[in-house]
Amino acid sequence: MSDNSLMSILKARTKADHDRLESLVFFKELIRRSLPLDSYIRYLRLLSIIHWSLEKELSLCADERVKKIWHPKRARYNLLINDLDYYSDYLIKDVLDAVNLTQDFCSLIRRHSSKGALYLLGYFYVFEGSTRGSVKLREILKENFNKGKDFSGISYFVNYGDKVNEYWDEFVEQMNALKLDEGETEKVCLSAIDCFQRLYQIIECLDGNKERKHLYTVIALNPMAGNHPVPQDEKELKVSIDVAYKCLKDFPYLMMRYGTSGRHFTLSDSAWLTYLTEFSQEIINTQVNWLLNVLTTRGVPSILLEIHLDYLFQELTREKPEKREDYNKLNITRDLIQNQRVAILNDETVKTIQQEFKEKITSQEGDKLPEAIPLLASAMCDEFRGIEGALSSLKSWLYDAKIFSQDWIKAILEAEQKLKQIALSKK
């Protein structure tokens, strides 16, 4: 590699900040095998937010030079999610300063994506370079945080397996092949330096020897959810998580269509809805109505939110009966949503059409998505009461020939026509 190549320049320009980052107590404790599990989990959570933002912007970037460097095989966000799933039973608080600094960094990544795509390459250089350092940490991490035969909980650090050097050499070659002028090279260098410095500030906050404010945060549930509040009462937070998983179990649609992101947003929505019980009925109604509009236009009919609110009321009241009055606000909001739905299509009507639908399809398809007709009916009601796109956003998936058989599609079209006729008659 020539001394004036991009990668040589980057290595020289970032060396001081790279060395400074590695000098942190966090990494010293990690190498000494004395890093607390709580700190490690917090570290993974913070990395997940950064990787979500960076990989999303890299994948969407239209700059041809960035497109030559980024490839989905280099994505590591899903590995972080797998690792965090391994530790999902650990309900620990996050360091507030670290979360805020990380959110600031992610905001910067998004801004640079639209105003200076080359900055993304500097950030990516730092994280791609970390794959080489991770090789040295694998055995330490496995000894500390995974006693099993696989790499659960530490897969982020073994993402390329035995191809780390091969992938790195490819990355070096691709970066050096970019034709950047002096000003463009400087942008990449400055963003790499900035990345190291921001990581230093973030990870320094994880030093357990320093007094920091700790809170339960939404990133523990959903790295994609931004920074909205969640309950600080441990019992309430646990209930909200349990209810989210009950919704996911009772309504396979959410995971079938949205996968991991469906699970994450169900978890974060559940925590946020629980948090809202601290406020007045008017505020809850307004906020839930906002969420309803967001969800329905993204393919999640209001009946799912309606049932989610019902589950939360029941389980929160069971866990903390002394707060029944607060939790009943969710019940009141649920009733408002339900009343609007059944005024257009009542439950008995939907059940009748659902039974007719089930008789026209195989039991295998029916069992795969038992809530299909209630979802369709709810989306139609949402559309009829003014939420534009509520029905089409569901149908784009529910009528997909790549997912469902022709018999399914024919039967559900017939069900839609019957539901529509009844709904129109109520106008």
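Quick notes on this one:
- Taking the listed residues SER270, SER302, SER363, SER280, the one that is under 30 Å from ILE403 (Cα atoms) and loosely packed, with under 15 Cβ neighbours inside 10 Å is SER363, with no other qualifying.
- Residue under evaluation SER23, criteria (1) of a type in the set (Ser, Thr, Tyr); (2) at pLDDT below 95; (3) surrounded by fewer than 20 Cβ atoms within 10 Å (Cβ to Cβ), criterion not met: (2)
- Residue in the stretch 337-347 that is touching a residue at least 12 places away in the same chain (Cβ under 8 Å), of a type in the set (D, E, K, R) and surrounded by fewer than 19 Cβ atoms within 10 Å (Cβ to Cβ) present: no
- Residue match in the stretch 220-228 (condition: free of Cβ contacts under 8 Å to residues at least 24 places away in the same chain and of a type outside the set (Asp, Glu)): no
- One residue alone among GLU128, GLU184, GLU211, GLU143 is surrounded by fewer than 17 Cβ atoms within 10 Å (Cβ to Cβ), under 30 Å from ASP97 (Cβ atoms), touching a residue at least 40 places away in the same chain (Cβ under 8 Å) and of a type outside the set (S, T, N, Q), and that residue is GLU143.
- Test for LEU291: is it surrounded by 23 or more Cβ atoms within 10 Å (Cβ to Cβ) and out of contact with any Lys or Arg (no Cβ under 6 Å at 6 or more places or on another chain): no
- So LEU336, is it among the hydrophobic types (A, V, I, L, M, F, W, C), farther than 24 Å from ARG257 by Cα and assigned to a helix (DSSP H, G or I): yes
- Among the residues of the stretch 404-427, those identified as under 36 Å from the mean Cα position of the chain (by Cα) and free of Cβ contacts under 8 Å to residues at least 40 places away in the same chain are PHE404, GLN406, ILE409, LEU413, GLN417.
- ARG138 vs. criteria touching an Asp or Glu at 6+ places or on another chain (Cβ under 8 Å) and basic (Lys, Arg): no
- Meeting the requirement of 1 or more residues that are farther than 23 Å from LYS163 by Cα and in contact with a Gly (Cβ under 7 Å, 6 or more places away or on another chain), the helices (runs of 4 or more DSSP H) wholly within the stretch 5-104 are 37-60, 77-86.
- Residue check: ILE109 meets all listed conditions (1) surrounded by fewer than 16 Cβ atoms within 10 Å (Cβ to Cβ); (2) modelled with pLDDT under 95 but one, namely (1).
- Here the condition is being within 24 Å of HIS71 (Cα to Cα), modelled with pLDDT under 95 and exposed (fewer than 13 other Cβ atoms within 10 Å of the Cβ); of GLY161, GLY116, GLY148, it holds for GLY161 alone.
- Taking each residue of the stretch 248-263 that is surrounded by 17 or more Cβ atoms within 10 Å (Cβ to Cβ) and looking for partners that are among the aromatic types (Phe, Trp, Tyr) with beta-carbon atoms closer than 6 Å, six or more apart or interchain, yields ARG257/TRP397.
- Residue ID - surrounded by the fewest Cβ atoms within 10 Å (Cβ to Cβ), chosen from residues in the stretch 399-421 that are among the hydrophobic types (A, V, I, L, M, F, W, C) and either more than 24 Å from VAL342 (Cβ to Cβ) or not assigned by TED's automatic domain parsing to the domain that holds GLY366 (or both): ALA401
- Selection count, the stretch 224-246, where residues are of a type in the set (Gly, Ala, Ser) and not in a loop (DSSP other than H, G, I, E, B): 2
- In the stretch 371-398, the qualifying residues are those that are over 18 Å from ASN346 (Cα atoms) and of a type in the set (D, E, K, R), and the one that is surrounded by the fewest Cβ atoms within 10 Å (Cβ to Cβ) is GLU388.
- Hits in the stretch 116-162 (condition: hydroxyl-bearing (Ser, Thr, Tyr) and in contact with a Leu (Cβ under 8 Å, 6 or more places away or on another chain)): TYR119, TYR123, TYR125, SER155, TYR156
- Among the candidates GLU319, GLU306, GLU278, the residue that is touching a Pro at 6+ places or on another chain (Cβ under 9 Å), acidic (Asp, Glu) and either more than 28 Å from VAL350 (Cβ to Cβ) or modelled with pLDDT of 95 or more (or both) is uniquely GLU278.
The values are calculated or read from the model by the stated rules, or taken from the named source; none is laboratory data. A quick note: this is a predicted structure, and the numbers were derived from the prediction, not measured. Cβ atoms come from the backbone with ideal geometry, glycine included; neighbour counts cover every protein chain shown.
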